[in-house]
Amino acid sequence: MSAVVPRVSKHRAAFGRRLNPPLPQTVRTLWVVFGDQLDPRFSVFRKHFDKAHDAVLMAEVDEESRHVASHVQRTTLFLSAMRHYAESLSARDVRVRYVTLDNADNTQSLDGEVRRAVGELRPERLAVIRPGEWRIVTMVEAWRESLQLPLTMHEDPHFLTTPAEFGEWATGRRTMVMEHFYRVMRRRLEILIAPDGGPEGGRWNFDADNRKGYKGDRDTLPPRVRHEPDDITRDVMAMVRERLGDLPGRLDDFNWPVTREQALAELRDFITHRLAHFGDYQDAMVVGRPWMYHSLLSAPMNLKLLDPREIVTLAVEAYRRGVAPLNAVEGFVRQIIGWREFIRGVYWHEGAGYGARNALGQTHSLPSMYWTGTSEMQCMRESLGEVLSNGFGHHIQRLMVTGNFAMMAGVHPREISDWYLGMYVDAIDWASLPNTLGMSQHADGGVVGTKPYAASGRYIDRQGDYCTGCRFSPGVRLGDDACPFTTFYWDFLLRHRATFARNHRMAMPLKNLDAMSDQERTAIAARANAVRDSLGMRPMAAPTSP
Ligand code: FAD
Ligand code: SF4
């Protein structure tokens, strides 16, 4: 039988010594806990875990960092948070079999580690909490038969809606509109509801007051809270450098919360220093300022170090105490109880085939600048450079810069979806895929958004200072100074005119397109092809589905 802790390695300096309780002689239920299931309240365990007879399996495996190329900060975050969590389980007398990445017996796949553990521990049954990815659900379901063991999949209590509840809401609707879902959630959870049963402040949505471009002083933007790496994190960083150093991104500035305490510090910092301006500058972009007024809570929330309920409660309290205005708090609450739950609902509702959709029939490869950050376009250089340095970009950089560019340039949705899944510290498939393939690429044909988020350089210019000092001009579509976003915007409309002809939300841009001369349209298509060539973009194999 394999030891409870992995065999000694130089990366065991800090971790492992504190995994104390020996495994029981016979394991009744073996719980497989995945890296994004680090619930500090142990909600599922408290109800269902039998300390005398059950054990937990956690495994660090190469495959999870390589099935799409994973940013080194993303891997470090997961592994360090997993090790801290394993220790906290152990401190509660939960028996943990923890397999480190450098364990010589490690098969380097989750499937392999479950099979190895089952072979050695001979459990009577398996249990999991619903994983965050169809790929893993399919693997887990296969264990029932291939390992001949009963298996229970518990729903994840972290979320505010179950896939079944979302399915009930979605079934029979012609289109799934997030705003409708959000209102149902507001009422159901009784958040920001006035005594008369209507929305607090008389409106459900204060976006008309939000989303300003940032014209303020860059130096007054709040600094980021610092999470000093402890011994465990430093060990993981050394191991990642040694074993996974070929993977993308830079590790030097790793500053993500890996424990509940650090996650709470991030939350308090947001409520105190950022929330009040969250709504105003939600869509603003400033050179050299990656954090703006965003909460930076997606990664600790997605790993389950924080619960959405506690975050929303603190934000609403801040409004009641007069610390933050209603437009900021409503906007923030909508992101969490609205967008976050809606996106997850869509992921499970649309099924395992969702990731293969390519409604616009896009064919091109991802330009290499997505991996290097090298670009003449200042907005791309900033947004991609920040992802490489931090494993993070805020929503509007993801949607309107890196995502918008890929869609308008014609990148195959699978190429760009894999990039997003690997490169962001908060990326789990349930969150990443509908946002990328659906919202940003319109590859689901309009499930997440009724129109594509396509915008020219003028939009980017309005939202901040990226265009100041860029060698291109945001309003110009042809010629040497033409902004590639602006050229691609018109080329995108040209290429997909027929698809959008009946979409009334696209009527105005198509009318402007139709007002152009044939000569200009031809010149735009030629310039767009030249930009694609200069970026090394090539057509790939036929799209996976029409
Ligand atoms: P804030 O701006 O402070 O927002 C607060 C919270 O609201 C976030 O922490 C997040 O939990 C939630 N939220 C807001 N919008 C969304 C949304 N559209 N979907 C889900 N949750 C939302 N979010 C992820 O958590 N994981 C991903 O892998 C991911 N990939 C994305 C890919 C693309 C192309 C796009 C356009 C968006 C993606 N998002 C993803 C959504 C959103 O961009 C991030 O949640 C947000 O930028 C995280 O930063 P923050 O915590 O500072 O968010
Ligand atoms: Fe980006 Fe165009 Fe603005 Fe340059 S001019 S920063 S390429 S939007």
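Structure notes:
- Selection from the stretch 152-180 of residues that are over 14 Å from Val448 (Cβ atoms), surrounded by fewer than 14 Cβ atoms within 10 Å (Cβ to Cβ) and aliphatic (A, V, I, L, M): Ala164
- Within the stretch 171-192, being in a loop (DSSP other than H, G, I, E, B) and closer than 11 Å to Trp204 by Cβ holds for one residue alone: Leu192.
- Residue within the stretch 159-169 that is aromatic (Phe, Trp, Tyr), over 25 Å from Asp36 (Cα atoms) and outside any loop (DSSP other than H, G, I, E, B) present: yes
- Of all residue pairs spaced 6 or more apart or on separate chains, none has beta-carbon atoms under 8 Å together with a first member in the stretch 328-349 that is on the phi > 0 side of the Ramachandran plot and a second member that is at pLDDT 95 or above.
- Considering the stretch 363-385, the residues that are touching a residue at least 60 places away in the same chain (Cβ under 8 Å) and surrounded by fewer than 20 Cβ atoms within 10 Å (Cβ to Cβ) include one that is nearest to Leu247 (Cα to Cα), namely Trp371.
- Residues within the stretch 416-433 that are closer than 21 Å to Leu493 by Cα and either surrounded by fewer than 23 Cβ atoms within 10 Å (Cβ to Cβ) or among the hydroxyl-bearing types (Ser, Thr, Tyr) (or both), tallied: 0
- The set of residues in the stretch 412-448 being more than 10 Å from ligand 1 (Cβ to nearest atom) and in a loop (DSSP other than H, G, I, E, B) consists of His412, His442, Ala443, Asp444, Gly445, Gly446, Val447.
- Failed condition for Arg398, given (1) away from ligand 2 (no atom under 16 Å from the Cβ); (2) under 19 Å from Asp283 (Cα atoms): (1)
- Enumeration of residues in the stretch 455-464 that are at pLDDT 95 or above and in a loop (DSSP other than H, G, I, E, B): Ala455, Ser456
- 2 or more residues among the acidic types (Asp, Glu) and either touching a Ser or Thr at 6+ places or on another chain (Cβ under 9 Å) or more than 16 Å from ligand 2 (Cβ to nearest atom) (or both): qualifying helices (runs of 4 or more DSSP H) within the stretch 484-537: 518-534
- Where Ser383 falls short, out of the listed (1) of a type in the set (S, T, N, Q); (2) part of a loop (DSSP other than H, G, I, E, B); (3) within 13 Å of ligand 1 (Cβ to nearest atom): (2)
- For the criterion of being within 12 Å of ligand 2 (Cβ to nearest atom), under 19 Å from the mean Cα position of the chain (by Cα), farther than 20 Å from Phe278 by Cβ and of a type in the set (A, V, I, L, M), Leu384 passes.
- Test: residue in the stretch 389-407 that is within 15 Å of the chain's Cα centre (by Cα), in a helix (DSSP H, G or I) and of a type in the set (A, V, I, L, M, F, W, C): yes
- Qualifying positions in the stretch 36-48 - in a helix (DSSP H, G or I) and crowded, with 17+ Cβ neighbours inside 10 Å: Val44, Phe45
- Within the stretch 457-484, the only residue that satisfies the criterion of being touching a Pro at 6+ places or on another chain (Cβ under 7 Å) and either among the polar types (S, T, N, Q) or within 16 Å of ligand 1 (Cβ to nearest atom) (or both) is Ile460.
- Taking first residues from the stretch 202-219 that are at pLDDT 85 or above and partners that are surrounded by fewer than 14 Cβ atoms within 10 Å (Cβ to Cβ), the Cβ contacts under 8 Å between residues at least 6 apart in sequence or on separate chains come to Gly202/Ala194; Trp204/Glu179; Asn205/Glu179.
- Among residues of the stretch 443-491 being charged (D, E, K, R) and either free of Cβ contacts under 8 Å to residues at least 40 places away in the same chain or touching a His at 6+ places or on another chain (Cβ under 6 Å) (or both), the one that is surrounded by the fewest Cβ atoms within 10 Å (Cβ to Cβ) is Asp480.
- Filter result for Tyr354 (crowded, with 18+ Cβ neighbours inside 10 Å and either modelled with pLDDT under 95 or away from ligand 1 (no atom under 13 Å from the Cβ) (or both)): yes
- Test: residue in the stretch 325-344 that is more than 13 Å from ligand 1 (Cβ to nearest atom), modelled with pLDDT of 95 or more and closer than 30 Å to Pro484 by Cβ: no
The values are calculated or read from the model by the stated rules, or taken from the named source; none is laboratory data. Bear in mind the structure is a predicted one, so any value in this text is a computation, not a measurement. Because the Cβ atoms are built from the backbone with ideal geometry, glycine has one as well, and the counts that use them run over all protein chains shown.
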